[in-house]
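*Asks:* This structure is in structure tokens; I'll ask about it shortly.
The values are calculated or read from the model by the stated rules, or taken from the named source; none is laboratory data. Since the structure is predicted, the reported quantities are computational estimates derived from the model, not experimental observations. Reconstructed Cβ throughout: ideal geometry from the backbone, glycine too, with neighbour counts over all protein chains shown. Heads up: the accessible areas ignore ligands, DNA and RNA and are worked out on the full protein's heavy atoms, side chains in. Shrake-Rupley method; radii C 1.70, N 1.55, O 1.52, S 1.80 Å.
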Amino acid sequence: MAIRAKLAAFGNRSLATAIASRYRFISTLVLAEHEGGPSLREAAQAASCYPSVSQVLLADSDKFTHPLAEPWAKLLHVVHKKGNFSHIVTASDSFGKNILPRAAALLDVSPITDVIEVSGSHLFVRPIYAGNALSTIRYTGSDPCMLTIRSTSFPVASMSAHSKSSAAAIEQVDLSTFSEDDAVGKSKFVKLSSQDTERPDLGNARIVVTGGRGLKSAENFKMIEKLAEKLGAAVGATRAAVDAGFVPNELQVGQTGKIVGPELYMAFGVSGAIQHLAGITDSKVIVAINKDADAPIFQVADYGIVGDLFEVIPELLEKLPEKK
Ligand SMILES: Cc1cc2nc3c(=O)[nH]c(=O)nc-3n(C[C@H](O)[C@H](O)[C@H](O)COP(=O)(O)OP(=O)(O)OC[C@H]3O[C@@H](n4cnc5c(N)ncnc54)[C@H](O)[C@@H]3O)c2cc1C
């Protein structure tokens, strides 16, 4: 099977997801994103060093500075028309999920979302019923087969052994057919508000410390933040905690929030509703602290403390060493 994985790093938007070797279908286009920090060219160079990437396509234009679905979907359409890819893949994050359905409509195909396993070139596994069941789907539509993938379900691809000389070519996308009208849609960029950049990103963090309604107030929730700081962890919250105004919506973990897959997930005052569990099942080790021994979170926890979080957190804060 000829392998011709391609990677498109478009615009200045955040992107950088697992470009796992699993996506080496015949001619796969991966819509990748990079977050702040490195320039677009540096990100493209980094992407070119992944052994499974044969070419990096770069669309360096102001039109793609913001994550607006219309110009990006049009860009995918333009790139596909030229490259005729068998598969187009994005991450299952707000960026990918915003763009892919619109691009799929332009290409007149049906996308498959939230893929957690690739069983064959057209056979995929995805969760349904808030993660309570897994469904195996065979794609029988025409090319391209368009997928959003949950990057937490796949190992991070290694780029180490690849020397600079064997890095993939970086090529500018020809935007001559891309008119001003293509960049203008019904949506308009207003502002980008993002969480404290000092902390690791929830989606990629090694440790996540989450607080639920059991914290009782925004003031008390600061204990979770302190603990996260000591552990170098990202902070998460349940929808109940978000709805109660303890923390902003961007920290919500679960079916309608972020999907996380850390080495360690610590849940304080979280009951373990299925909608919350839907976002944490990729975690390697789950630790739950709840005063109710019958709380459903204990059914998925590897370690549990039946106790009062207002006693457990201060003790942890006292006993954990200061962060170096
Ligand atoms: C369509 C839909 C989508 C949803 N999406 C999400 C989602 O993405 N994410 C999400 O989280 N929820 C989601 N929900 C809501 C979900 O059903 C639950 O309501 C929510 O997860 C409950 O949050 P919680 O565990 O913080 O609160 P609760 O269920 O009220 O649990 C609080 C827990 O804290 C414990 N507690 C209280 N005091 C203490 C103490 N002092 N010490 C220790 N433990 C204590 C209690 O025993 C209890 O178990 C969704 C719901 C719907 C219908």
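*Asks:* Pairs on different chains or at least eight residues apart, Cα atoms closer than 24 Å: how many lysine pairs in the stretch 207-319 fit?
*Replies:* Lysine pairs meeting the criterion: 20.
*Asks:* Could you do me a favour and compute the accessible area per residue for the stretch 244-324, 1.4 Å probe, result in Å²?
*Replies:* Accessible surface, normalised per residue, equals 54 Å².
*Asks:* Turning to a different aspect of this structure: Where nothing but the Cβ of Lys and Arg (+1) and of Asp and Glu (-1) is charged, how large is the charge dipole of the chain around its Cα centre, in debye to the nearest 20?
*Replies:* So the magnitude is around 580 debye.
*Asks:* Mind listing the long-range amide H neighbours of ILE88? Cut-off is under 5 Å, sequence gap 5 or more, other chains count too, H placed in the peptide plane at 1.01 Å from N.
*Replies:* LEU29, CYS145, MET146, LEU147
*Asks:* Measure up LYS63/LYS191; LYS74/LYS188; LYS63/LYS188; LYS82/LYS188 against 22 Å on the Cα-Cα distance and list the ones that go over.
*Replies:* LYS82/LYS188
*Asks:* If you take the beta carbon distance between ASP181 and TYR129 as r and set R0 to 56 Å, what does 1/(1 + (r/R0)^6) give as a FRET efficiency, to the nearest 0.05? Numbers along the way, then the final one.
*Replies:* Details: r = 41 Å, r/R0 = 0.74.
Efficiency at R0 = 56 Å is approximately 0.85.
*Asks:* Taking each pair of distinct Cα atoms in the chain once, what is the resulting Kirkwood hydrodynamic radius in Å?
*Replies:* 21.0
*Asks:* Here's another thing I want to ask about it. By per-residue mean of other Cβ atoms within 10 Å, what is the highest-first order of 53-65, 297-309?
*Replies:* Highest mean packing first, the order is 53-65, 297-309.
*Asks:* Out of the total accessible area of the stretch 173-324 (probe 1.4 Å, heavy atoms of protein only), what percent is carbon and sulfur?
*Replies:* 50
*Asks:* Skipping prolines and chain starts, which residues have an amide H placed within reach, meaning under 5 Å, of the one on VAL173, given they are 5 or more residues away or on another chain?
*Replies:* When sequence neighbours closer than 5 places are left aside, the close amide H contacts are LEU58, ALA59, ASP60.
*Asks:* FRET efficiency for GLU250 and ILE274, Cβ-Cβ distance as r, R0 = 22 Å, nearest 0.05?
*Replies:* Details: r = 22 Å, r/R0 = 0.99.
The value I calculate is 0.50.
*Asks:* Additional query: To the nearest 500 deg cm²/dmol, what mean residue ellipticity at 222 nm is calculated for the chain from DSSP H runs of n ≥ 4 alone, each contributing -39,500 (n - 2.57), summed and divided by the residues?
*Replies:* That comes out to -7000 deg cm²/dmol.
*Asks:* Each residue of the stretch 289-297 in order: what ³J(HN,Hα) in whole Hz does its phi give by Karplus 6.51 cos²θ - 1.76 cosθ + 1.60, θ = phi - 60°, with x for Gly and Pro?
*Replies:* 10, 8, 7, 9, 4, 8, 4, x, 4
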